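Scroll down for the structure; my scribbles are underneath it.
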Amino acid sequence: MDVHILSLFPLSIEPYLDSSIMKRAQEKGLFRYHLHNLTDWTVRNTRRVDDRPYGGWAGTILTIEPLTRALEDLRAKYGEMKILYFSPRWELLTQEKCEYYVENIESQYCIICGHYEGTDERVFELFDIEEISIGNYVLSSGELASLVWIDSVVRLIPGVLSEESLKEESFSSLLDRKKEYPQYSRPEIFRDLSVPGVLLSGDQKKIQDWKKQNTSE
């Protein structure tokens, strides 16, 4: 899976994607990312990609010209790609949705990292863009949202993590979309807090029953 990230702050993304699980996914050839600075497509010999919105609202928004030039150039150079944009006004990203992306994975994605007060609406009329929400709140820019989507999807690609690691996770189908049960490790007793006895019993049926009883909506 190749992900192109169109951003005003591409260097803020790189450290995370080059570490831990995302790094291992790249080393296995299962994931690649490409950073693109939106200011490379500005017009009228400026480095500015924003302007005041018509209608008198506060702040500025991403303008249509650099976005259009960037998306057209990236498609011309790299081929067709699914375009994603993160906005709190659209469908919420869930574990089930992440599983759907992996089952119907595209070879290439292009993520537009929003900024300022929003984006010129005409870009959604010119391009087939899927909008995704990561929650009912507002971020300063789309870089964090892009990392949330990339991490949540890439980790599910077969071969990135072991099947055992993915078997029982919060909101997975195996847990009926419920939250994962509590987990404990050594020491058995810490500051008078003990591990539940059933987990020490070795009785797998009782342990499985305990897990089911301790998952939550």
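The values are calculated or read from the model by the stated rules, or taken from the named source; none is laboratory data. Keep in mind that what you see is a predicted model, and the values were worked out from it rather than measured. No Cβ is skipped: glycine too gets one built from the backbone with ideal geometry, and neighbour counts run over all protein chains shown. Ligands, DNA and RNA are stripped out before the accessible areas are found, and what is left, the full protein with its side chains, is counted by its heavy atoms. Shrake-Rupley method; radii C 1.70, N 1.55, O 1.52, S 1.80 Å.
What does DSSP give for the chain in terms of the percent of beta bridges that are antiparallel, rounded to the nearest 5?
Expressed as a percentage, antiparallel bridges in the chain total about 20.
Taking the simple approach of a point 7 Å from Cα along Cα-to-Cβ for both D73 and T215, what is their distance in nm?
Placing both labels 7 Å along Cα→Cβ, they lie 4.9 nm apart.
Using 0.36 nm times the number of residues separating E80 and E117, minus their current alpha carbon distance, what extension gain do you get?
10.5 nm
Mind pulling the angle between the C-alpha long axis of helix 204-213 and the longest principal axis of the chain? Nearest 10 degrees, somewhere in 0 to 90.
Compared with the principal axis, the helix lies near 50 degrees.
In nm, to one decimal, how far is the K205 label point from the R52 one, both placed 7 Å along Cα→Cβ?
With each label point 7 Å from Cα toward Cβ, the separation is 7.5 nm.
Based on DSSP H runs of at least 4 residues, each adding -39500 (n - 2.57), what is the mean residue ellipticity at 222 nm of the chain after dividing by all its residues, to the nearest 500 deg cm²/dmol?
When only DSSP H runs of four or more count, the value is -8500 deg cm²/dmol.
All other residues with a Cβ under 13 Å from the Cβ of M81 taken together, and with Lys, Arg as +1 and Asp, Glu as -1, what is their net charge?
Local charge sum for M81: -3.
Looking at the chain, how many pairs of lysines come closer than 27 Å at the Cα, when each pair is eight or more places apart or spans two chains?
Close lysine pairs found across the chain: 28.
Calculate the FRET efficiency for V198 and E14 from the Cβ-Cβ distance with a Förster distance of 41 Å, rounded to the nearest 0.05.
0.35
Place a +1 charge on the Cβ of each Lys and Arg in segment 1-118 and a -1 charge on the Cβ of each Asp and Glu, then give the dipole magnitude about the Cα centre in debye, rounded to the nearest 20.
With only Lys, Arg, Asp and Glu charged at Cβ, the dipole is about 280 debye.
Taking springs between alpha-carbon atoms closer than 10 angstrom, which of V154, V43, V123 fluctuates most in the Gaussian network model of the chain?
V43
Hey, of (i) 155; (ii) 173; (iii) 117, which did the structure itself give for volume of the Cα convex hull per residue in Å³ when calculated?
The listed entry that was calculated here is (ii).
Tell me which GluC sites (Glu not before Pro) from segment 1-92 have a DSSP coil assignment and no more than 14 other beta carbons within 10 Å of their own.
For GluC sites (Glu not before Pro) across segment 1-92 that sit outside H, G, I, E and B with at most 14 neighbouring Cβ atoms in 10 Å, the list reads E80, E91.
Per the 1.4 Å probe, what fraction of the accessible area of the chain, in percent, lies on carbon and sulfur atoms?
49
In a solvent-free Debye calculation with one equal scatterer on each Cα, what is log10 I(q)/I(0) for segment 38-162 at q = 0.11, 0.12, 0.21, 0.23 Å⁻¹, listed in the order of the q values?
-0.42, -0.50, -1.33, -1.49
Using the charge dipole of the chain (Lys, Arg: +1 at Cβ; Asp, Glu: -1 at Cβ; taken about the Cα centre), state which of T94, A25, A58 has its Cα farthest towards the positive end.
Of the candidates, A25 comes out farthest on the positive side.
Run the simple label-point estimate for E130 and Q95 please: 7 Å along Cα→C-beta, distance reported in nm.
2.0
Pull out a ≥ b ≥ c, the square roots of the eigenvalues of the alpha-carbon gyration tensor of segment 1-97, then state rounded if a/c is under 1.5, prolate if not and a/b is larger than b/c, and oblate in the remaining case.
Note, shape of segment 1-97 comes out prolate.
To test your reading of the geometry: what angle, between 0 and 90 degrees and rounded to tens, separates the Cα axis of helix 64-78 from the longest principal axis of the chain?
70
Nothing charged except the Cβ atoms of Lys and Arg (+1) and of Asp and Glu (-1): what's the magnitude of the dipole of the chain about its Cα centre? Round to the nearest 20 debye.
Values: 26 positive and 36 negative charges, 97 e Å.
The dipole of the chain has a size of about 460 debye.
With r as the distance between the Cβ atoms of F190 and E164 and R0 = 25 Å, compute the FRET efficiency 1/(1 + (r/R0)^6) and round to 0.05.
Calculated value: 0.40.
Heavy-atom accessible area per residue, the chain, 1.4 Å probe: how many Å²?
Per residue, the chain has an accessible area of 61 Å².
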